[in-house]
1. When only DSSP loop residues count, what GluC sites (Glu not before Pro) in the stretch 289-397 have their Cβ near at most 11 other Cβ atoms within 10 Å?
2. To two decimal places, what compactness ratio does the stretch 390-430 give when its Cα radius of gyration is scaled by 2.2 N^0.38 Å?
3. Please report how far the C-alpha centroid of the stretch 13-58 lies from that of the stretch 338-359, rounded to the nearest whole angstrom.
4. In the stretch 132-232, which GluC sites (Glu not before Pro) are in a loop and have at most 12 other Cβ atoms within 10 Å, using DSSP for the loop call?
5. Using just the C-alpha positions of the stretch 95-175 as equal point scatterers, what log10 of I(q)/I(0) does the Debye formula give at each q in 0.14, 0.19, 0.25 1/Å?
6. Relative contact order for the stretch 121-234: what percent, with Cα pairs under 8 Å and sequence separation of 6 or more?
7. Using alpha-carbon pairs under 8 Å, 6+ residues apart, how would you state the relative contact order of the chain in percent?
8. On the protein heavy atoms, probe 1.4 angstrom, tell me the percent of accessible surface of the chain carried by carbon and sulfur.
Amino acid sequence: MTSTGNGTEPTVAGLCRAIWQVERELSLLDWRIDGVSPWPVIRMRIFHELTRRTGIHGAAHPVRRTPYDKARLVARHVTGLVTRNPFLGSYDALVVPHPRKPGGVEIYTDELRKALGTQALILDSGINGTPLPGSRNLDFFTSAAGAVHKRQVDDRGISTALRELTGVSVPVGALLAREVPKHQRLRALYRRLLRKHRIETVYVVVGYFHQHIVGAARDLGIRVIELQHGAISQFHLGYSYPGRPAVADQPDELWCFGSYWTDVADLPAGMSTAVVGASYLPKAERKDPRLAVFLSQGTIGAELLHVAESVAKEDPTLDVVFRLHPSERASDYTIPSGVRLSTEGSTLELLAAATYQVGVSTTALFEGMALGCRTAVANLPGHEYLERPITSGHALLMTKPTQLTSAPLCSTPEAYYAPSNLRLAADQAE
């Protein structure tokens, strides 16, 4: 693992503080390139580069394609110009779902799409996932928009400043050279789309990676609502802006699973929150007292597997299950004796039956708390995301395998996942 500029081991919290310091000292939120605010566009990408290059994390959600896969993707893009053209038809709302669809269901907008019905244009990319039936997309243009660009542009001193603080070089100039022109081209295209349909409300999942859509809506005075899709913390740089400064191209509202998420991070100025709950959690009716589920992520999976192995050796009576993230493959791991690999079925159903759960920063930990699991957070890079639940006594920071059976239950699960009132919120929004 790479050392930081002051010789200490890097942490997620330390990298975030370095980014915030550079952001403040170089006035990056006031910076413009050809009318675009580039910093919010590349901020999360820089964080991912830093965590990867320091060795804290691997790729968060790697997308792996063979040459054949790439050729098929190009063919789908071309075909989609006709079969998935979003300029056809008439709509007054736009919904941008999440690319991940366990069991073919996109859980974050499923209820919203049902409430809006045919008045909503569902814009669902097939680049990193399978698009929903009946959805439209602009994938051909999304891929083409980033094809032509300079190799480098001036980075305002960001690379140097970050290297001095973290000891890591990030190609900020190359990121800017690729992402800013792409943002500009797509933003102009989406303005045309929104104008054509006279869209009144845009609903988006993962707004920080769809800023061309959010920015286009803002240009036209259209309301933008982001639906929460995962864990938020003070160290999630897609949301956390200490001091709540004004930030360009951000949603008007963030619809949250529960009250906990409304103030866990300093959101950009002007962004409000509302609790709409979650309808996708199953009921936890029967618990297996021996079942301990370890929730992997591509970022820390190998290290977490070592923890699972230690727990299995410490207490052979436990049924230790290592559950892969949807982006992972079984071939990524060699499973040790005493640990069972889980790849099939629903993660939520597995947690509904588990007594114990262990992870680092995955959203599934919060879902497991709501499903009545005793929760331990492995002492691995990224555990800072769970700092507040640990401090509140809803989870335990596990430094030794013997601690697992002492992990606590969450006393207020509804704070994380309230009963759903999304249909009512959607009716009021429209």
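1. Numbers: sites: GLU303, GLU309, GLU314, GLU328, GLU344, GLU349, GLU367, GLU384, GLU387; in loops: GLU328, GLU344.
Sparse-neighbourhood loop GluC sites (Glu not before Pro): GLU344.
2. 1.88
3. Using only Cα atoms to place each centre, the spacing works out to 35 Å.
4. Working: sites: GLU164, GLU179, GLU200, GLU226; in loops: GLU200.
Here no GluC sites (Glu not before Pro) fit, given the DSSP loop and packing criteria.
5. -0.69, -0.81, -1.12
6. On the way: 122 pairs, mean separation 20.4, N = 114.
For the stretch 121-234, the relative contact order is 18 percent.
7. Details: 817 pairs, mean separation 64.6, N = 430.
This gives 15 percent for the chain.
8. On the way: 9330 of 18680 Å².
C and S atoms contribute 50 percent here.
The values are calculated or read from the model by the stated rules, or taken from the named source; none is laboratory data. This structure is a prediction, so every number in the text was calculated from the model and none was measured. Cβ sites come from the backbone with ideal geometry, for glycine too, and all protein chains shown count toward neighbours. The protein model used for the area step is the full one, side chains on, heavy atoms only, and it has no ligands, DNA or RNA in it. Shrake-Rupley method; radii C 1.70, N 1.55, O 1.52, S 1.80 Å.
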